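Written below as structure tokens is the structure these notes are about.
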Amino acid sequence: MPDRSFAAIALDDEVVLLDPEHGRLVLLDAWARRIWQACGTDGGSDRLRTLGPRRRVSETLDALREAGAIRRCGSGWSCAPVRWL
Amino acid sequence: MNAAQTIDVLLGTWIVRVSGPPSIAPHLAAVLGSLRIEGEDPAPLEVTIAADERTALGAVAGRPLWSVSLPAGRGLSVLLGQVVATLTSLLERLLFVHAGAVVMEGRAWVLLGGSGAGKTSAVCSLLRRGAVYLSDELALLDPDEGTVVPATLPMAIKPWTAWAAGSLPRGREVACDGSARFWLPMERAAGPVRAHAFVRLGRAGRAARLVPLSRAGMLLAIAGHPSSFCYRHRVEDAFVGFGRVLRTAQCFALEARNPAACADMLVSAGRATDGPATLRRRAL
């Protein structure tokens, strides 16, 4: 997956990401937002294990990866570059 | 002799020059005449309707932009759609979304829905209950001010719209086009009004419900709808601007077979000062 960059807006406890190149929006609900934020922190992989049931976390990671919001980074994850608006 | 007429329609800061046979050109001018554009400076539009009323051309600043076939008896509706679409493409600061809008209790409500969703009939019902008209099809938003700007074109009342609405609000018929009547409500907003609520209209089962929708969900709904998001050069403007307006707005989904029949529900929500609890009513 090529590195994408997103613009982002936080609305209440949700985040909307805009992929400006493709004009596509991605809605992260409160749960997905927590997973996504954990991916962007040091020790994120450890933190992911504490956030909820492993299967649910895994499904959310897959969805985020498909959306281009995160990518594999060694044994963990990293977030695509984000510009907060 | 059916000599072409040329009419310059001054719509605030926007000029539309209409040229064509007297059987249609003055009617288009009349339908456009109630629109006022402020806070933007769109390039002038020239609409030229062929003598046989079967085609029309649109040019902006002398550059041809579109040509369109005019169906017999429905040319006015098509031309109005072209003019509105042209306006949306010329906006540089204001945002648009395909939606109706009214003022209730001094605050603007934007009703978002696709064609046939019941926007016009819902707007009619709300106007009959004391709301003030902002727009029928084209909601203009000022993202810097967080307001809805009046776009007071006449409502296009089709037979089924009239049936769903029950009766029309006070106003006058500006023109007609086949079975559609262009109806200009009497009570119209004179200036921008703070955007208070966005309602996504959707068809649903037996029980009509007005339920809260997240602001992020509404942003996605707007993006999936004809809006400033449709223009590639405005996607980021739309993202930032709608996001900014939504930050202070309430958002709902109205699930109903006939949104017009839920006007009382919307009026009740409009009178509420805080966020709505889920409102329900019996099957309609």
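For the reader, a short list of remarks on this structure follows.
- A simple count of charges around B:ARG257, restricted to other residues whose Cβ falls under 10 Å of its Cβ and scoring Lys, Arg +1 and Asp, Glu -1, yields +1.
- Residue mean of other protein chain beta carbons inside 10 Å, A:8-21: 5
- Using only alpha-carbon positions in the range B:95-241, the gyration tensor eigenvalues give semi-axes of 24, 18, 15 Å once each is multiplied by 5 and square-rooted (largest first).
- DSSP bridge pairs, the range B:162-270: antiparallel proportion in percent, nearest 5: 60 percent
- Interface size A-B, as summed buried accessible area [1.4 Å probe, Å², nearest 100]: 1400 Å²
- Separation of alpha-carbon centers, the range A:1-66 and the range B:160-175, rounded to whole Å: 47 Å
- Taking only protein heavy atoms and a 1.4 Å probe, the accessible area of the range B:5-90 is 55% carbon and sulfur.
- Descending Cα extents along the principal axes, chain B, whole Å: 62, 40, 30
- Dividing the radius of gyration of the alpha carbons in the range A:6-84 by their Kirkwood radius gives 0.94 for Rg/Rh.
- B:GLU38 versus B:ALA204: modelled label distance in nm, points set 7 Å from Cα along the beta carbon direction: 3.7 nm
- Computed from label points 7 Å out along Cα-Cβ, the spacing between B:GLU105 and A:SER45 is 5.4 nm.
- Geometric descriptor of the range B:5-90, per residue, is 77 Å³ (volume of the convex hull of the Cα atoms).
- The protein assembly as shown - mean residue ellipticity at 222 nm from DSSP helices (-39,500 (n - 2.57) per run, n ≥ 4, rounded to 500): -8500 deg cm²/dmol
- In the range A:63-85, the residues that give up 30 Å² or more of accessible area when the other protein chains are added, compared with the chain on its own (1.4 Å probe), are A:LEU85.
- Whole-percent carbon and sulfur share, accessible surface of the range A:6-84, 1.4 Å: 46 percent
- Take each residue in B:207-218, count the other chain C-beta atoms within 10 Å of its C-beta, and the mean is 3.
- Here r is the Cβ-Cβ distance between B:ALA190 and B:SER19 and R0 is 41 Å; the resulting FRET efficiency, rounded to 0.05, is 0.85.
- Here the 3J(HN,Hα) profile of the range B:47-61, calculated from phi with Karplus coefficients 6.51, -1.76 and 1.60 at θ = phi - 60°, is 10, 10, 9, 5, 4, 8, 6, 9, 9, 8, 10, x, 9, 10, 6 Hz, Gly and Pro shown as x.
- Per-selection Kirkwood Rh - the range B:39-170 (Cα, Å, 1 d.p.): 16.1 Å
- Heavy-atom accessible surface of the range B:127-215: percent carbon and sulfur, 1.4 Å: 52 percent
- The GNM of chain A, with springs linking C-alpha atoms under 10 angstrom apart, assigns the highest mean-square fluctuation among A:GLY68, A:GLY40, A:GLY52 to A:GLY52.
- Residue-wise HN-Hα couplings along the range A:33-38, as the Karplus relation 6.51 cos²θ - 1.76 cosθ + 1.60 with θ = phi - 60° gives them from phi, are 5, 5, 5, 4, 5, 5 Hz; Gly and Pro carry x.
- Separation of alpha-carbon centers, the range B:176-222 and the range B:27-52, rounded to whole Å: 24 Å
- Averaged per residue, the protein assembly as shown has 45 square angstrom of accessible surface, using a 1.4 angstrom probe with ligands and nucleic acids left out.
- Whole-Hz couplings from phi, Karplus 6.51/-1.76/1.60, listed for the range B:217-232; x for Gly and Pro: x, 5, 4, 5, 4, 5, 5, x, 10, x, 6, 4, 4, 6, 9, 4
- Each principal axis of the Cα cloud of the protein assembly as shown was taken in turn, and the coordinate range along them, longest first, works out to 83, 51, 33 Å.
The values are calculated or read from the model by the stated rules, or taken from the named source; none is laboratory data. Since the model is a prediction, treat every value here as computed from it, not as a measurement. Cβ: placed from backbone, ideal geometry, glycine included. Neighbour counts: every protein chain shown. Ligands, DNA and RNA are excluded from the accessible area calculation, which covers all protein heavy atoms including side chains. Shrake-Rupley method; radii C 1.70, N 1.55, O 1.52, S 1.80 Å.
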